[in-house]
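These notes are about the structure you will find just below.
Read-outs: derived from the displayed coordinates by stated rules, not from any lab. Here the structure is a predicted model, which is why all the values come from computation and not from measurement. In this analysis, Cβ positions are derived from the backbone assuming ideal geometry, glycine residues included, and neighbour counts consider all displayed protein chains.
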Amino acid sequence: MNQLMSASPLANGKAKASAHDMPFGARLLSDGTTRFRLWAPGCPSIMLALEGMAAPLAMEALDGGWHELRTRSAGANSRYRFVLPDGMQVPDPASRFQPDDVHGPSEVIDAHAYQWQDLDWSGRPWSEAIAYELHVGTFTPEGTFRAAISRLEHLASLGVTAIELMPVADFAGARNWGYDGVLLYAPNSAYGRPEDLKALIDTAHAHGIMVLLDVVYNHFGPDGNYLSLYAPDFFTDRHQTPWGAAINYDGVSSAPVRDFVINNALYWINEFHADGLRLDAVHAIIDDSSQHLLDELSERVRASVRGREVHLVLENEDNEARRLVRTAGKACAYTAQWNDDVHHVLHVATTAESTGYYGDYTNDDVKLARALAEGFAFQGEMMPFRGRPRGEPSAHLPPTAFVAFMQNHDQVGNRAFGERLTALADPRAVRAAAAVYLLLPQVPMLFMGEEWAAPSPFPFFCNFSGDLGEAVTQGRRREFAAFPEFQSEEKRGRIPDPQAESTFMSAKLDWSALEKPEHSETLQWYRRIIATRHREIVPRVSRIAGGGCYQILGRGAVRVRWTCGDDELVLTANLSAQSVDHVIPAGGRVIWREGNPDGAGSLTPWSVRWALTGASDD
């Protein structure tokens, strides 16, 4: 059990129920009726089909394209569909649960039924966050919310204080990364029922672990999205995204669309007690209105939550530092951003890869130092791979505005074979990179299984049917046609078929590997360094107001200093395979040493030294 956990709320006997008051979907009312509400401005009439009833029920057409029905013929666990004028039956876009996948009926859920045990839970400050990204379907052999509960003890003993679940919103098929979700309010039935996800979050809180959910508001998946049939204004061709027409956040009739998405964020936080959200690829959310959706969303989320910590994290390729500003040390809108720049500089250093965007970081020690010291490596400069400037100045932001990692689902899974870093680089290099990012004042994030060098890959996988499935398979292989190593059709044919169940099964963590010495030793190393972070870094990180000062010591070697009150945190690292000569020792009390950073007059290859200097550390 994590020694830093709070007192278990399960032990005090208290319980509560909670539900988000949604303006749409199915809602159980106190008078014993169930209200169904759908925004369908493209249809003059809508019917409600209830399983077990011979004929559908007519819904009342209201102003603004809304349709509503209150009935005593439905209750908790009733299954239903909406019937369009042409007779087509569709699921509720605000369905809380889809027992038979995205094309099946929706189920009425009594949101008050689950009795929460986390009455005393108030979250954790972001400065304490040590995050762990996981995919529910491959984290355990069973691939369910309930099965994940059995591994919370492992994470607590590792020192993890936050888990970030890859998207759980309902997607088509039995397996998917989650970024093809189409029913944003329904936890995917392949993982379990809504109460199972609530139990996972509830139990995580009992272990002192926050739970953040990955949400996708930039597009819907290609299978199971019926919105355009009855609400064509939900999308607009005025903007285009990598997935086609954009979601209409700024045009005529955009108010219900914005409300649908913002209520989704409120729903996960209030009804499921999530401690925060990670918003996927917000650079693809196109909004030219006077108040950008991201601003309204953060404003409404923060206004809705009182008495507990809630954290909003961005994935934003544009590196917009303005979304991460602080007032009196508190995040005004967004708590942090995934820092791809840290990943890229560490990946290039450890693997020497230079294809694609990695080429913009190759042999560039300033990029390495800036990413570690100031957050963004690109702060407005031209990025050749993009062909345009990228980023904004970020040195004024505290390090906790950035989430640092050396692996995540994207950077592993977007490789042709889904290889983890341990399959690509010298073990000494991997250990050195981990020693850098795990003690960096930025918030560290592990990718599931990293802590024991899991041998399983994490390839891209999905489960679409028919022509769509075949198109995905062929499209995946075409993606790599421009890479030198995949010029021939024969070599592209070796890329795992994302549709094959075997590809999905290969991604499942093999926990039995922990019985092998090399994996158990790695786990112990991660436990020791994370304990060092809890002891030495966490108490000081909130006193670091801005970026650090850096100097280049040689090719691949840097020194970075951060002022934290009366102390100074100093990193000296050589992330290269060559020694760097004539390095003046940094001094101070060493809190972590990897390799041999204190060699006579030099930094040896793959060596890292973390030290504290100051009145309290002399």
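Full extension of the chain between residue 589 and residue 523 yields a length gain of 21.2 nm, computed as 0.36 nm times the residue separation minus the alpha carbon distance. About the centre of its Cα atoms, the chain shows a dipole size close to 1100 debye [charges on the beta carbon of Lys, Arg (+1) and Asp, Glu (-1) only; nearest 20 debye]. Stretched out straight at 0.36 nm per residue, the stretch from residue 157 to residue 259 would grow longer than its current Cα-Cα span by 32.7 nm. Label-to-label distance for residue 174 and residue 295 is 4.7 nm, based on points extended 7 Å past Cα in the beta-carbon direction.
Summing +1 for each Lys or Arg and -1 for each Asp or Glu among the other residues whose beta-carbon sits under 11 angstrom from that of residue 357 gives -3. Length gained on full extension, residue 15 to residue 288: 93.9 nm, using 0.36 nm per residue less the C-alpha separation. Quick check on my link table: of 198/330; 198/508; 330/367; 367/491, which ones sit more than 32 Å apart, alpha carbon to alpha carbon? Checking Cα-Cα distances, 367/491 exceed 32 Å. Amide H to amide H distances under 5 Å link residue 499 with 462, where only residues 5 or more positions off or on other chains count and H is placed in the peptide plane.
In a reduced charge model with +1 at each Lys and Arg Cβ and -1 at each Asp and Glu Cβ, region 125-173 shows a dipole moment near 100 debye about its Cα centre. Ordering 409, 135, 154 from the fewest to the most neighbouring beta carbons within 10 Å gives 154, 409, 135. Here's how it looks for residue 557: its modeled amide H is under 5 Å from those of 575, which are all 5 or more places away or on a different chain. With neighbours defined as other Cβ atoms within 10 Å of a residue's Cβ, the residues 164, 309 order from fewest to most as 309, 164. Residue-wise HN-Hα couplings along region 302-314, as the Karplus relation 6.51 cos²θ - 1.76 cosθ + 1.60 with θ = phi - 60° gives them from phi, are 5, 6, 8, 10, 10, x, 8, 7, 10, 10, 10, 10, 10 Hz; Gly and Pro carry x. Dipole orientation for the chain: of the candidates 448, 548, 44, 548 has the Cα lying most toward the positive pole (charges on Cβ; Lys, Arg +1; Asp, Glu -1).
Identify, among 339, 361, 400, the residue whose Cα sits farthest towards the positive end of the charge dipole of region 266-406, taking +1 on the Cβ of Lys and Arg and -1 on the Cβ of Asp and Glu, with the dipole about the Cα centre. Highest projection toward the positive end goes to 400. Karplus-based coupling profile of region 499-515, in residue order and whole Hz: 7, 6, 4, 5, 5, 4, 5, 5, 7, 5, 5, 9, 5, 5, 4, 4, 6, with θ = phi - 60° in 6.51 cos²θ - 1.76 cosθ + 1.60 and x standing for Gly or Pro.
The mean sequence distance of close C-alpha pairs (under 8 Å, at least 6 residues apart), as a share of the length of region 268-378, puts its relative contact order at 21 percent. A straight line joining the Cα centroids of region 145-217 and region 325-393 runs 29 Å.
With bins 5 Å wide beginning at 0, the percent of Cα pairs of region 544-617 falling in each bin runs 4, 19, 27, 24, 15, 8, 3, 0. Counting Lys and Arg as +1 and Asp and Glu as -1 over every other residue whose Cβ lies under 13 Å from the Cβ of residue 585, the net charge comes to +3. In order along region 200-217, phi translates into HN-Hα couplings of 4, 5, 4, 6, 4, 4, 5, 8, x, 10, 6, 10, 10, 10, 7, 10, 10, 10 Hz, rounded to whole numbers, per the Karplus curve 6.51 cos²θ - 1.76 cosθ + 1.60 with θ = phi - 60° and x for Gly and Pro.
For every helix of n ≥ 4 consecutive DSSP H residues, a contribution of -39,500 (n - 2.57) applies; sum these over the chain, divide by its total residues, and give [θ] at 222 nm rounded to the nearest 500 deg cm²/dmol.
Rounded to the nearest 500, it is -6500 deg cm²/dmol.
Beta bridges from DSSP with both residues in the chain: antiparallel share about 70 percent, rounded to the nearest 5.
Computed over the chain, the quotient of the alpha carbon radius of gyration and 2.2 N^0.38 Å is 0.99. Each Lys and Arg adds +1 at its Cβ and each Asp and Glu adds -1 at its Cβ; summed about the Cα centre, region 544-617 shows a dipole of about 200 debye. Sorted fewest first by neighbouring Cβ atoms within 10 angstrom, 127, 488, 298 come out as 488, 127, 298. For residue 181, nonlocal amide neighbours, meaning residues 5 or more places apart or on other chains whose placed amide H falls under 5 Å from its own, are 221.
Counting Lys and Arg as +1 and Asp and Glu as -1 over every other residue whose Cβ lies under 12 Å from the Cβ of residue 171, the net charge comes to -3.
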